[in-house]
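Taking it in order: structure first as structure tokens, then the write-up.
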Amino acid sequence: MSYRLFMKIAIHDIFKTLIVGVTLCCTTIFAKAQYDPAFTHFWMVESQYNPAAVGNSNLLRAVGAYNAQLTGYENSPNTMLASVDLPMFFVGPQHGMGAYFMNDEAGFFSMKTIALQYAHHRKLFGGTISIGVEADLLNESFDGSKLDLDESGDQAFANGSVTGSKFDASIGLSYCWRDLRVSLSAKHLTAPTILLGETNEISVKRAYYFTAGYNIPLKNPLFSIHPDVFWMYDGVDHKGYIHARLQYDNDGKMLFGGLSYSPSTSVALIAGGKFHGVVLSYSYEAFTSGVGFGNGNHEIILSYQTPLNIYKKGRNRHKSVRLL
């Protein structure tokens with residue numbers, strides 16, 4: 001389940017004034033959720049959670065993701081992500097850079113993030129350690145013209161559209177050794193408060209992420225198992241995934257399928273493959289409680305990567321357990 005944080009509005013009567021039935025229901029569900037969306041394909045969009053992941057191979061990588069949440073409900077959230085990263089060969093193979101744009105909408109609220117990322121990679125104890133930093137521009141907007149309020153003239157909500165922006169920062173650390181990868185990161189280091197108009201505000205909490213993955217080869221060299229874990233904590237709420245997929249690789253062709261489980265929250269079925277150099281994957285995440293199986297989350301990932309063979313073969317080689 002992947003939810004963005006609804007507005008923390010400095011008013012005395014929030015639940016009384018929102019009368020749009022389904023919107024009120026969705027607001028109650030999302031009010032305590034984390035600010036950043038959690039993608040079911042978290043291992044394919046690692047740079048969105050950890051800037052240390054950018055440029056950690058000799059590949060130019062581009063990823064697009066779309067997540068439609070709580071399908072069947074009016075004004076339900078949806079998230080779009082586009083990212084790119086590559087090694088900075090004009091500086092040296094140990095440097096990487098990346099960027100991403102994310103648009104996250106739920107009802108009358110919209111959050112946009114533009115991020116620039118840098119990572120430094122060094123050999124350490126037979127593996128590679130990476131340190132990354134990220135600069136973010138967060139933009140929040142609320143369209144009050146779409147609200148139907150019981151009481152006209154309520155100063156708690158704007159009559160039209162209001163927006164607010166703040167700069168933010170994130171850091172990350174990761175270590176890759178053979179087929180094992182472990183990473184830690186902290187997002188929203190400045191814990192910004194975004195003002196919308198004169199009376200409304202959004203307070204963004206710091207969030208901490210842990211991810212790990214491993215490649216398990218099987219006796220048949222065409223098949224391998226890839227377990228991954230994801231965990232997020234913002235000081236109040238937490239979100240986790242346990243994931244495993246079976247992958248088939250043969251002569252540049254790839255197919256995979258697996259399951260993800262979020263304790264006490266959801267279970268997801270994932271299937272995808274690589275076709276003509278493009279990786280396409282789909283998942284359906286069904287809730288194990290609350291809204292039920294029929295109103296889950298649909299997620300589509302599309303990615304492309306191409307080698308950047310500028311240096312001689314064998315230089316700056318290391319493995320990444322990520323699919324990308």
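The values are calculated or read from the model by the stated rules, or taken from the named source; none is laboratory data. On a predicted model such as this, the values are computed, not experimentally measured, just so you know. Virtual Cβ from ideal backbone geometry, glycine too; neighbours counted across all protein chains shown. These area figures cover heavy atoms from the full protein model, side chains too; ligands, DNA and RNA do not enter into them. Shrake-Rupley method; radii C 1.70, N 1.55, O 1.52, S 1.80 Å.
Annotation note: Cβ proximity below 7 Å between a residue of the range 164-182 that is under 15 Å from Asp36 (Cα atoms) and a residue that is open to solvent by 70 Å² or more (accessible area, probe 1.4 Å) and modelled with pLDDT under 95 (sequence gap 6+ or interchain) occurs for Asp168/Thr190; Ala169/Thr190.
(1) out of contact with any helix residue (DSSP H, G or I) (no Cβ under 8 Å at 6 or more places or on another chain); (2) farther than 12 Å from Thr40 by Cβ: which one isn't true of Leu259, the others all being true? So Leu259 meets the others, but not (2).
If you check Asp249, Asp228 for being charged (D, E, K, R) and in contact with a helix residue (DSSP H, G or I) (Cβ under 9 Å, 6 or more places away or on another chain), only one passes: Asp228. Would you confirm whether or not the range 266-273 contains a residue that is without any contact (Cβ under 8 Å) to a residue 12 or more places away in the chain, farther than 18 Å from Asp36 by Cα and not β-branched (Val, Ile, Thr)? Checked against the condition, which is being without any contact (Cβ under 8 Å) to a residue 12 or more places away in the chain, farther than 18 Å from Asp36 by Cα and not β-branched (Val, Ile, Thr), the range 266-273 yields no hits at all. Do we find a residue being charged (D, E, K, R) and in contact (Cβ under 8 Å) with a residue 60 or more places away in the chain anywhere in the range 208-222? Scanning the range 208-222, I find no residue that is charged (D, E, K, R) and in contact (Cβ under 8 Å) with a residue 60 or more places away in the chain, so the answer is no. How about the range 35-70: which of its residues are of a type in the set (A, V, I, L, M) and in a loop (DSSP other than H, G, I, E, B)? Listed by number, the residues that qualify are Ala38, Val45, Val54, Leu70.
Going through (1) under 28 Å from Arg245 (Cα atoms); (2) assigned to a loop (DSSP other than H, G, I, E, B); (3) open to solvent by 20 Å² or more (accessible area, probe 1.4 Å) one by one, Tyr73 falls short only on (1).
Being over 17 Å from Ser303 (Cβ atoms) and touching a residue at least 60 places away in the same chain (Cβ under 8 Å) is the filter here, so list the residues in the range 73-86 that pass it.
Tyr73, Pro77
Taking the range 198-306 and the strands (runs of 3 or more DSSP E) fully enclosed by it, the elements with 2 or more residues that are open to solvent by less than 30 Å² (accessible area, probe 1.4 Å), closer than 28 Å to Leu184 by Cβ and aliphatic (A, V, I, L, M) are at 207-214, 266-275.
Tally time: how many residues in the range 186-202 are within 18 Å of Ile114 (Cα to Cα), in contact (Cβ under 8 Å) with a residue 40 or more places away in the chain and either touching a Phe, Trp or Tyr at 6+ places or on another chain (Cβ under 6 Å) or not basic (Lys, Arg) (or both)? The total comes to 4.
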